[in-house]
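My structure is below; once you've seen it, I'll send some questions.
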């Protein structure tokens, strides 16, 4: 069953012309991450590589496709966690960084802290030699168009959030049985300046523990934080639920308790995995036993050889 990697490109609703790009993006990311695992690489390297691929793809709400805050600027959050030691690293409200997930990993590897925010994260990035990029290079025409549309008084940014795939994330188990997760986001459309969602919060945006499994979440961050969704799903797994049942229980509780929609990718130490969501769509892909699995709508599950070029 091992190694395995599972990836999501965000829960929500995506226009048909963009959904093909979302599927192709998660499949490419899954392929890149699986290549690392198949070569004997570790799960942390694999999930970080998967997320970098999606941060560099303007289709997703992370890195260079991030949504804009109320001032028309990009503020990004990211988190990594290592299931072997429970070490983690996160950044929040970072601006001039192309790959926040790399910075989150440096927080984990090079500091005694778990999370750095805003200007402090920027100073740390400079100290680590992470190149700054111009803010404009992270802003797409699509993001700007949606930002302007949502400045209207009667706009509902939470609802229109569903017009673009959200947060990206990955979970993996390597050949040694070590588990890792990584999650990255541009946050909520037209959010207040300084708003931080679930993504950089351990137990909400993601969680990894070699003894139980790993989860990476996507959806409305405020709802996810209220139920600590990632840890809630792992709690159900500790109680003996399968990855799929635990994921569904967590998502159902979030919907009934706080009326929140979202999606998750989940793995257990044996390599069982699930991609589940309560939103209309979630672009997801998984790679295991040299097979690529992927889908977008509920009940959709396509497979092909990992070595065949991307669908679409």
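Can you compute the helix-only [θ] at 222 nm over the chain? Use -39500 (n - 2.57) per DSSP H run of at least 4 residues, normalise by all residues, nearest 500 deg cm²/dmol.
-10000 deg cm²/dmol
Taking the Cα centroid of segment 261-300 and of segment 44-77, what is the distance between the two, rounded to the nearest whole Å?
Using only Cα atoms, the two centres lie 20 Å from each other.
Go from 0 up to the bin containing the longest alpha carbon distance in segment 4-305, width 10 Å each, and give me the % of pairs per bin.
For segment 4-305, the binned pair fractions read 7, 33, 39, 18, 3, 0 percent.
Given contacts defined as C-alpha pairs under 8 Å and at least six residues apart, what's the relative contact order of segment 1-140, whole-number percent?
18 percent
Also, I was wondering about something else. Going by average Cβ neighbours within 10 Å, how do the peptides 5-13, 57-65 rank, with the highest at the top?
In decreasing order of mean packing, 5-13, 57-65 become 5-13, 57-65.
Rg to Rh for segment 177-312: what is it, with Cα atoms only and Rh by Kirkwood?
0.97
Right, another one. Please work out the Cα center distance from segment 89-104 to segment 212-257, rounded to the nearest Å.
Segment 89-104 and segment 212-257 have Cα centres spaced 25 Å from each other.
When a footprinting reagent is the concern and you count Cβ atoms within 10 Å, what order do 34, 142 take, fewest first?
Ranked by crowding around the Cβ, least crowded first: 142, 34.
Mind giving me the nanometre distance, one decimal, between the label points for residue 145 and residue 290, set 7 Å out from Cα along Cα→Cβ?
Modelled inter-label distance: 4.3 nm.
How high is the relative contact order of the chain, in percent, with contacts defined as C-alpha pairs under 8 Å that are six or more residues apart?
26 percent
Report Rg (one decimal) and Dmax (nearest whole number) for segment 95-195, counting Cα atoms only, units Å.
Values for segment 95-195 (Cα only, Rg and Dmax): 16.4, 53 Å.
What length, rounded to one decimal in nm, is gained on full extension from residue 132 through to residue 307, with 0.36 nm per residue of separation minus their alpha-carbon distance?
In short, 59.5 nm is gained.
Using a Förster distance of 22 angstrom, determine the FRET efficiency expected from the C-beta separation of residue 119 and residue 56, and round it to 0.05.
0.35
Determine, from the Cβ-Cβ distance of residue 245 and residue 297 and an R0 of 22 Å, the FRET efficiency 1/(1 + (r/R0)^6), rounded to the nearest 0.05.
Step by step, r from the Cβ atoms, then E = 0.60.
Order 192-204, 281-293 from most to least packed using the mean count of other Cβ atoms within 10 Å.
So the order, starting with the most tightly packed, is 281-293, 192-204.
Quick note: the coordinates plus some simple rules give every number you see, no bench work behind them. Note that the coordinates shown come from a computational prediction; the quantities given were computed from them, not determined experimentally. Note: ideal-geometry Cβ built from the backbone for every residue, glycine included; neighbour counts use all protein chains shown.
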